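For reference, the structure discussed in these notes is given below.
Readers should treat all values here as calculations from the given coordinates under stated rules, not as data from a laboratory. Quantities reported herein were computed from a predicted structural model and do not represent experimental measurements. Backbone-built Cβ (ideal geometry, glycine too); neighbour counts: all protein chains shown.
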Amino acid sequence: MSAEDLLNDTFTVLEEETMKAAEQVQAYQRKLMDPIWHKRRELVKKIPNFWGTAIGNSPMFAINPSENDLEALDNLTDFHVEFDHNKPDYRKIIATFKKNGIFKNETLTKEITVDPENEGATISKTAIEYHENKGPNNKRKASDNDEEDDDFNVSFVDWFGDDDVRAGIILSEDIFPSAVEYYQGPGESDDDEDENGEIDLDLSDSEDDEEEEKPKSKKSRK
């Protein structure tokens with residue numbers, strides 16, 4: 001074996017060890033964040049359409065959404081991801097809705113495993129009870145950029161009933177942890193952050209705050 005081959009093999013081993021270490025760090029981080037996410041879950045219940053706005057602002061679901069998704073997101077009351085700290089690849093994604101004209105289910109749930117090499121697999125999925133003429137064939141709004149947007153044409157609702165895993169990785173690894181940032185959307189002014197760059201989520205009505213500028217109201221998606 002040449003010196004170059006030996007060096008390449010060594011780098012390969014180091015890369016594998018680095019990936020394993022990164023996975024362990026992420027698993028530990030999720031364990032630390034779990035109680036914080038539960039606190040956030042209760043807090044954002046005070047914010048109208050928080051989850052519908054956050055998910056609707058993400059690139060995967062914001063580009064050319066279906067009418068089904070728009071209505072479903074407007075009726076989304078809770079969204080949560082459950083992790084199994086003994087099984088780092090496991091994700092259970094749960095979405096709760098008000099009564100709507102798209103489907104009869106109150107809750108849509110999907111269990112998946114994630115794998116950096118082959119994306120993962122679907123363990124279980126909801127049998128979605130669509131209302132008449134509201135099934136997965138409901139067409140998206142026409143767009144001049146349909147060909148360019150093919151990689152992003154993912155239905156939030158339909159995903160819970162199919163075998164796709166990719167959207168679940170985005171939902172659990174990106175949108176769920178960064179929900180506040182997605183809710184705020186792009187172009188937020190610095191007024192919404194304190195000197196340390198932290199987000200002010202104080203919803204109290206204290207009289208001491210009367211002179212402070214009220215937070216800007218969030219407009220719902222069009």
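For LEU32 and PHE11, the difference between the fully extended length at 0.36 nm per residue and the C-alpha to C-alpha distance is 4.4 nm.
How do the peptides 50-61, 7-18, 25-36 rank, highest first, by the average count of neighbouring beta carbon atoms within 10 Å per residue?
Values: 50-61: 22.0, 7-18: 10.3, 25-36: 11.8.
Per-residue mean Cβ counts within 10 Å order the peptides as 50-61, 25-36, 7-18.
Across segment 175-180, computed HN-Hα scalar couplings (Karplus, 6.51 cos²θ - 1.76 cosθ + 1.60, θ = phi - 60°) run 5, 4, x, 9, 4, 5 Hz from first to last residue, x flagging Gly and Pro. Backbone geometry of segment 26-34 corresponds, through the Karplus equation with coefficients 6.51, -1.76 and 1.60 at θ = phi - 60°, to 3J(HN,Hα) couplings of 5, 5, 5, 4, 4, 5, 5, 7, 3 Hz, x marking Gly and Pro. Remark: segment 61-73, residue by residue, has Karplus-estimated 3J(HN,Hα) of 10, 7, 7, 6, x, 7, 5, 4, 5, 4, 5, 4, 5 Hz, where x stands for each Gly or Pro and the curve is 6.51 cos²θ - 1.76 cosθ + 1.60 at θ = phi - 60°.
How high is the FRET efficiency from ALA121 to SER2, r the C-beta distance, R0 45 Å, rounded to 0.05? Before the final figure, lay out the partial values.
Values: r = 39 Å, r/R0 = 0.88.
My answer for the efficiency is 0.70.
Over 18 Å, how big is the tail of the calculated P(r) for segment 1-93, in percent of all Cα pairs?
On the way: 2784 of 4278 pairs.
Beyond 18 Å sits 65 percent of the P(r) for segment 1-93.
A cut-off of 5 Å between modelled amide H atoms, ignoring neighbours fewer than 5 places along the same chain, links THR126 with THR109.
Once you list every other residue whose beta carbon is under 9 Å from the beta carbon of GLU106, what net charge do they have if Lys and Arg are +1 and Asp and Glu are -1? Show your work: numbers first, answer last.
Working: positive: LYS98, LYS99, LYS104; negative: none.
Within the 9 Å Cβ shell, the charges total +3.
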